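The values are calculated or read from the model by the stated rules, or taken from the named source; none is laboratory data. Since the model is a prediction, treat every value here as computed from it, not as a measurement. When we count neighbours, we look across all protein chains shown, and the Cβ atoms used for this are built from the backbone with ideal geometry, even at glycine.
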Amino acid sequence: MSLSVRIGLVSLVVLLILAFVGYGALLRLNVLPRLAFAPGWVLTDQFGERFTSEDLRGAITLYTFDYSANEDPRRQTHDLMSDVQNQLAKQDLGDVPVRLVTVTIDPTRDTPDILRTVGENRNVDFSRWTFATGDSASIRVAVNHGFGVYYEPDPDGGVSYDPTFVIVDGMGIERARYRYGLPPVDNLVGGLLSVVSEAKAATGSARLAYEAAHLFSCYSTTP
């Protein structure tokens, strides 16, 4: 066997080993897919201040949609968001901002004062968790048309809707949706931490690895 052939075989083996190691590394990254651009919106926070989607640019955000008078335990997202807030407080997030946003679907009754009281009664950290309201048209545009969450007033004064949680990354891209029921808190926190890990690796070779993982994820899920 000539020297050039042996060198070629050794090079091929090395490439196969590197490919195998790289494939394993991509699998371990376990990235959340990039689903779609999140909608833009302009609303009002619990202090009566203007609150927009641009205020969250650069932050990883978990959205949900509820109303203060909700008494249905099957749709009670406030308790679950409180659990998420408490678990995030125990995590090392580095310098990656993580925000929680609850958008009311009953804006007529859920004024900023009402939402602030709801938050205070739940010991909400308003620097992380924001409650948003607005006029009925703005809420409809943001929630129904923007995030695709259907809701409708009930004859008994409540609101019919399907609990929905959406994770949006710092670039304004939806990364995960949890619908039709209340997911385990570990699923929500795990999803947020997955995007946090990706944000921490936003530069250098680690970023290339994450981009490769996204590319691999796209092709591996294509029918």
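Of note:
- Listed by first and then second residue, the pairs with beta-carbon distance under 7 Å, at least 6 apart or on different chains, first residue in segment 45-62 and in the same structural domain as residue 142 (by TED's automatic domain parsing) and within 12 Å of residue 100 (Cα to Cα), second outside any strand (DSSP E or B) and of a type in the set (A, V, I, L, M), are 60/96; 60/192; 60/195; 60/196; 60/199; 62/84; 62/188; 62/192.
- Screening the candidates 168, 143, 185 for the property of being among the aliphatic types (A, V, I, L, M), at pLDDT 95 or above and in contact with a Ser or Thr (Cβ under 8 Å, 6 or more places away or on another chain) yields one hit, 168.
- Within segment 106-126, if we keep just the residues that are over 30 Å from residue 198 (Cα atoms) and of a type in the set (S, T, N, Q), the residue that is surrounded by the fewest Cβ atoms within 10 Å (Cβ to Cβ) turns out to be 121.
- Subset of segment 128-146 that is more than 17 Å from the chain's Cα centre (by Cα) and in a loop (DSSP other than H, G, I, E, B) - its residue that is nearest to residue 42 (Cα to Cα): 134
- A single member of 95, 154, 106, 110 is out of contact with any strand residue (DSSP E or B) (no Cβ under 6 Å at 6 or more places or on another chain) and either among the charged types (D, E, K, R) or touching a residue at least 24 places away in the same chain (Cβ under 8 Å) (or both), and it is 95.
- Selection within segment 188-211 - hydrophobic (A, V, I, L, M, F, W, C) and at pLDDT below 50: 206, 208, 209
- Residue within segment 63-84 that is in a strand (DSSP E or B), surrounded by 15 or more Cβ atoms within 10 Å (Cβ to Cβ) and hydroxyl-bearing (Ser, Thr, Tyr) present: yes
- For segment 27-62, the set of residues classified as at pLDDT 85 or above, surrounded by fewer than 18 Cβ atoms within 10 Å (Cβ to Cβ) and part of a helix (DSSP H, G or I) consists of 54, 55, listed by residue number.
- From the list 166, 149, 103, the lone residue that is in a loop (DSSP other than H, G, I, E, B), surrounded by 21 or more Cβ atoms within 10 Å (Cβ to Cβ) and not aromatic (Phe, Trp, Tyr) is 149.
- Yes/no for residue 24 being within 21 Å of residue 195 (Cα to Cα), at pLDDT below 80 and surrounded by fewer than 19 Cβ atoms within 10 Å (Cβ to Cβ): yes
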